[in-house]
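Read the figures in this text as sums done on the coordinates, not as results from a lab. Nothing here was measured: the structure is a model prediction, and the numbers come from that model. Every residue, glycine among them, receives a Cβ derived from its backbone with ideal geometry; neighbour counts consider all protein chains shown.
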Amino acid sequence: MSPSHTGELTFSTVKPRVGLQAALDKGRAGIVAEVSGSGLKGRGGAGFPTGVKWNLAAATVADEKFVVCNADEGEPGTFKDRVILNRFADLVFEGMIIAGYAIGAQKGILYLRGEYSYLRKDLEKTLERMRTEGMLGERVLGRDDVSFDIEIFIGSGAYVCGEETALIESLEGQRGEPRNRPPFPVNTGYKGRPTVVNNVETLAWIPSIMARGADWFSSLGTDKSKGLKLFSVSGDVERPGVYEFPWGLTIADLMREVGGENAKAVQVGGASGYIVPARDFERHIAFEDVPTGGAVIVFGPHRDMLQVVSNFMEFFVGESCGQCTPCREGNVKLLEGLRLLEEGRCSTRQMRELCALGETMQQASKCGLGQSSPNAFLSIVKHYGDEIMGRTDVIV
Amino acid sequence: MTDKPILDDTSRAPVSQRGYVIEKSGMDDAIGGKVTINIDGKDIKIPLGTTILEAARSLGIRIPTLCYHEDLCVAGVCRICVVEVEGQRTLQAACGYPVTAPITVKTHTRRVRQARRHILDLMLSKHYGECYACFRNNNCELQTLAKEYGVDFFRFGHPEKPLYAVDRSSPSVIRDMNKCILCRRCVRTCIDLQEVGVLEGHGRGADVEIQTFMNKPLGEVICINCGQCINRCPTGALRANDPTDEVWAAIDNPDKHVVIQTAPSPRAAIGENFGLEPGTALTFELNTALRRCGFDRVFDTNFSADLTIIEEGTELLLRLYKALVEKDASIALPQFTSCSPGWVKFLEHFYPEYVPNLSSAKSPQQMFGALIKTYYAELNKIDPKDIVTVALMPCSAKKFECNRPEMCDSGYKDVDYGLTTRELAQMISETGIFLPDMPRSDFDDPFGTATGSGVIFGATGGVMEAALRSVYELVSGERIENIFEHADIIPVRGFQGVKYVELTLDKIGPVPDLLKPLVPNWDWLKGATVKLGVAHGTANAKRVMDDIKAGGKFSECHFIEFMACPGGCLGGGGQPIPTSPSIREARAKAIYAEDSVYEIRKSHENPAVLKVYNEFLREGPCGHKSHKLLHTSYIERGKYIS
Ligand SMILES: Cc1cc2nc3c(=O)[nH]c(=O)nc-3n(C[C@H](O)[C@H](O)[C@H](O)COP(=O)(O)O)c2cc1C
Ligand code: SF4
């Protein structure tokens, strides 16, 4: 595996221990204030403000709390977390220790995607080293009031287990099925205790925010999307890989950087994201415009968009946990519609019904999977109506 | 959001299938007390933690539900109850949304109606079966909603042929997964309400199906046949194994003498099948209807319930005598009741080491069957091979029970067929009879009309109450009315999951004739405190059993009543659908009302029972003959299935 990325990742310029030491010096409230002030939003896709999340967990009274690092990275087209864990795991772990101290948790769990279990040996080594260096275990960095340790849990390979409540079910030994929300994990999470679930990248940024301060971080990016972001770029481009950019760059800028200028469309946000056609490439990648957890899949001029979306829908038909009606059955119906389109046998009326169904799925599904699985379908109908309607032959 | 974390450690269901339970403080205006929300323009003040669904219902606003059931934890999976909550991007499931702040809710906007219609259409696209060929026709929640939302065509298609073979392996519960809409009520019933855990969701995405362990036939797994899942299935995917055709064939056969015994719980509920409000007992109307259906004799199971009390009560006194006076360490105490076949199988699977604690007395259904094919046959000079015994029971496990190979002590199958309340209602309606309009008539001799003690067997605590009425009087020689007004033993009544009662025997009397061959005197019971327990629903039974295993207070009990079904037999798996706490309460009221008007309310005073001991079971209770006919043995099954 060759993790390719453009130069140095900014968060990694902070030396180990520096962020942690700075955090412990700030104290609990100070950490939460700093994270809130930085404007850091979750990098797992949903973009929930990390400071708010930590504050809620810190405010809940409980005998035990947990920090979970979500390394399930199941979204097709993302691989940034793998790169981070491969090269900068200690920073992620530091982020977890800081989170633990801030909310009052003494235990952290790294939920590692089953396919990444080959990373486990190195990760365990890193943990062991951090223990001997006094960063993990009793008396973190010599502080009597701080103790924290981290355990690795290997997931069992379902995309939906990346959804935080399904992840917690899976940790508890149940089927990976999302829970009703509320309650939220910050209140009732792992073992019924307050639990902060954060993405690998979110946690990786914490030490540098601690070391350099909230103002540094919030000066980067846009008004509503602060800081820098890692992107996993794949597909029809000359230079695929992991890139770091400030939030707010246009898709066109990004395409220039990665060698994808002649792209026909870009799927931002992985399978559950939206397809952006070339004419909209001036749009900005940011929570307020085109949001993403980091996946950017580029489609060259020769790509058949119907095939592209069929591919995504097949993924969702198989990966839906099957718990709730709109997602379990809806994805199947959307895929059936695509098959009919491929054969040129889907009427406009049927198409309209399926689009309405897509809206129902977005509105009524129990979790983010079903709520976002119709996105790609709806965006090709919107942008590529001419290309997908009226086919008479199966296009290979 | 700073409420304490909530963890209901008692539930075995995964949290994904449980709602958010916030303790409702109920305090007015206090912090964490009440909150005012607005639903469809109407304000309502509700305790914090009330769900949108509950609030809407109390306003009289109907929100459709399918996976929601009052008896079960909230899964929030069917999504039919979605509503708009102002400020929320997505629609919210009303059943699983506990209110913690003032909100504005709209229950039937265009978005909501479209989503509900889509959800229904999606369910129908997988639901195979024709309504008119289904036992739930006109009593199906999916059908009702299809009508309510004006489904007039199958927008997303409809299956043309079945996908699954119907599982008929169980003598009690038949599963037709072609009709399953994956609401998982059966799963939650089994794991959470009953804590048996035979059913589970299996597979992912569109392949999800409800399966047993390793997808084995239901008849081969540790299903206890309680049928609670049937009562909570919104469609016809689960039904009882129905012997109606065989019963009709017997009735139609002139060479067969067909007798039916009716249990008190079906009589208190069958009116519901004819559109009556829950809680109207039709005991004597039913006698007439059954005769018109063609049954040759109609008997009251209460007769054998009284007999059970005598046999089981005597067994208890004997166990106590042997343990306390003869110091026989091999005697298993507490003695457990054995009249609920679901409970018996639960114990055989989950606590096989406690099989010796089960009373060897058969259930009333089986005692009756054995007597009909012996005593009654002799008396009426009918060849027992020509007698067909049918039992009207509130229960699906009774079908399994009458098929247990041990249950042939008369030389024939003691009970040929167990009918559920629902199945009998169906037979009656086939004859064109409207049950509530029937004239009243009495039960047939020689068993006659029984006592109030037999009637209350139908409610949780009833067996205990009946046993106490008799045992107390037989031992003390005093009337139970001296210590419990009107012989109503209130402490053992009610729907509390587990009850514990102590009763001190201050006085003792002479040993009554019936028991003279068994014990010399009662001196050894003078001043003794009898400790009793009552549990209904196998989840509660499990609590008690685990307490016993841990040496807790129930291990010191002398006698414990266990019923597999919530509420006791009146909440049985063969009862009319739907069921809910309030329906079960209404049925219980009907049962206790029936008890209170009986002239004789104590089993040991039942003249027909005494007559049987005089004429037939001459060695008395627990004697040789009654052991042969009225007692049985059990199997240590364990949980491991091949
Ligand atoms: C279907 C689904 C899959 C998800 N997969 C992941 C994942 O692989 N990694 C991740 O960090 N977050 C994933 N999420 C988002 C998580 O639920 C959660 O929001 C996130 O871990 C929170 O961390 P953050 O605030 O740091 O982003 C997923 C969400 C959904 C609905
Ligand atoms: S939306 Fe899909 S993945 Fe999420 S709970 Fe429903 S069925 Fe499961």
Got a sec? Charge dipole of the range A:228-299, +1 on Cβ for Lys and Arg, -1 for Asp and Glu; which of A:S272, A:G293, A:W247 is way out at the positive end? A:S272
Measuring from label point to label point, each 7 Å out along Cα→Cβ, what is the B:E277 to A:I154 span in nm? 6.3
Peptides ranked, highest mean first, by Cβ atoms within 10 Å: ranges B:412-418, A:360-366: A:360-366, B:412-418
Rounded to the nearest 0.05, what FRET efficiency is calculated for B:F135 and A:K15 with R0 set to 51 Å and r the Cβ-Cβ distance? 0.10
For A:D25 and A:R131 in one chain, what is 0.36 nm times their gap in residues minus the Cα-Cα distance, to one decimal in nm? 36.2 nm
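Ranked from highest to lowest mean number of other Cβ atoms within 10 Å per residue, what is the order of the peptides A:375-382, B:419-426? Numbers along the way, then the final one.
Details: A:375-382: 21.5, B:419-426: 24.6.
Ranked from most to least packed, the peptides come out as B:419-426, A:375-382.
Per DSSP helix of 4 or more residues, -39500 (n - 2.57); summed, then divided by the residues of chain B. What does that give at 222 nm, rounded to the nearest 500?
On the way: 20 runs with 191 residues, N = 642.
Value at 222 nm, helices only, nearest 500: -8500 deg cm²/dmol.
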Using all C-alpha to C-alpha distances in the range B:346-442, build P(r) with 10 Å bins and read off the rounded percent in each one. 14, 34, 33, 15, 4, 0
Three principal axis lengths of the range A:228-299 [C-alpha, angstrom, descending]: 26, 23, 21
Rounded to the nearest 10 degrees, what's the angle between the helix A:325-342 long axis and the longest principal axis of chain A, both from Cα atoms, 0 to 90? 40
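Please report the net charge: other residues with Cβ closer than 11 Å to the Cβ of B:I310, K and R +1, D and E -1.
Values: positive: B:K602; negative: B:D306, B:E311, B:E312, B:E315, B:E605.
Combined, the nearby Lys, Arg, Asp and Glu give -4.
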Formal net charge of residues neighbouring A:A58 (Cβ-Cβ distance under 12 Å; K, R +1; D, E -1): +3
Quick one: angle between helix B:301-324 and the longest Cα principal axis of chain B, in degrees between 0 and 90, rounded to 10, please. 70
Between B:I635 and B:T109, what is the label-point separation in nm under the 7 Å Cα-to-beta-carbon projection? 5.8
Longest exposed-site-free window of chain A, the sites being GluC sites (Glu not before Pro) in a DSSP loop that have at most 15 other C-beta atoms within 10 Å: A:65-132
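Exactly which chymotrypsin sites (Phe, Trp or Tyr not before Pro) in the range B:141-233 are in a DSSP loop and have at most 14 other Cβ atoms within 10 Å? Walk me through the numbers on the way to the answer.
Numbers: sites: B:Y149, B:F153, B:F154, B:F156, B:Y164, B:F213; in loops: B:Y149, B:F153, B:F154, B:F156, B:Y164.
Passing sites in the range B:141-233 are B:F153, B:F154, B:Y164.
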Label-reachable residues, the range B:605-642, where backbone N falls under 15 Å from a point 7 Å from B:E353's Cα toward its Cβ: B:636-639
Plugging the Cβ-Cβ distance of B:R168 and B:R292 into 1/(1 + (r/R0)^6) at R0 = 25 Å yields, to the nearest 0.05, a FRET efficiency of 0.20
Starting from 0.36 nm per residue, how many nanometres of slack lie between A:V52 and A:S218 once their C-alpha separation is accounted for? 58.2 nm
Once the piece of chain linking A:E257 and A:E387 is laid out straight, how much longer is it, given 0.36 nm per residue of separation minus the C-alpha distance between them? 44.0 nm
When the scattering of chain A is computed by the Debye formula from its Cα atoms alone, each counted once and equally, what is log10 I(q)/I(0) at q = 0.13, 0.14 Å⁻¹? -1.07, -1.22
Please find the FRET efficiency linking A:L340 to B:D40, where r is the Cβ-Cβ separation and R0 is fixed at 41 Å, and quote it to the nearest 0.05. 0.60
What value, in deg cm²/dmol to 500, does the helix sum -39500 (n - 2.57) over DSSP H runs of n ≥ 4 give at 222 nm once divided by the residues of chain A? -13500 deg cm²/dmol
Applying the gyration tensor rule to the Cα atoms of the range A:196-271 (axes a ≥ b ≥ c; rounded if a/c under 1.5, else prolate if a/b exceeds b/c, else oblate), the class is prolate
In Å³ per residue, the alpha-carbon convex hull of chain B encloses 171
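Which value in Å is the Kirkwood Rh of the protein assembly as shown over different Cα pairs? Before the final figure, lay out the partial values.
Working: mean 1/r = 0.0312 Å⁻¹.
One decimal place: 32.1 Å for the Kirkwood radius.
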Mind checking which of B:V530, B:H558, B:I548 is farthest towards the positive end of the range B:501-565's charge dipole, using Cβ charges of +1 (Lys, Arg) and -1 (Asp, Glu) about the Cα centre? B:I548
Calculate how steeply helix A:200-212 sits against the longest principal axis of the alpha-carbon atoms of chain A, using the helix alpha-carbon long axis, and give the answer as 0 to 90 degrees to the nearest 10. 50
Among B:A115, B:T100, B:V82, pick out the residue whose Cα is farthest towards the positive end of the charge dipole of the range B:69-120, where Lys and Arg carry +1 and Asp and Glu carry -1 on C-beta, about the Cα centre. B:A115
First check a/c for the range A:11-213, with a ≥ b ≥ c the square roots of the eigenvalues of its C-alpha gyration tensor; if it is under 1.5, answer rounded, and if not, answer prolate when a/b is larger than b/c or oblate otherwise. rounded
Here the residues of the range B:610-641 lying in the modelled label zone of B:K516, meaning backbone nitrogen under 16 Å from a point 7 Å along Cα-to-Cβ, are B:613-615, B:618-621
What ³J(HN,Hα) values, in whole Hz, does the Karplus curve 6.51 cos²θ - 1.76 cosθ + 1.60 give for the range A:270-278 when θ = phi - 60°, with x put for Gly and Pro? x, 4, 8, x, 9, 8, 10, x, 3
What is the local net charge at B:V151, summed over the other residues whose Cβ is closer than 12 Å to its Cβ (Lys, Arg +1; Asp, Glu -1)? +1
Say each of B:K327 and B:E481 gets a label point 7 Å from the Cα, pointing the same way as Cα to Cβ; how far apart are those two points in nm? 4.3
Excluding same-chain residues fewer than 8 positions from B:K381, which lysines have a Cα within less than 27 Å of its Cα? B:K256, B:K362, B:K373, B:K413, B:K611, B:K625, B:K628
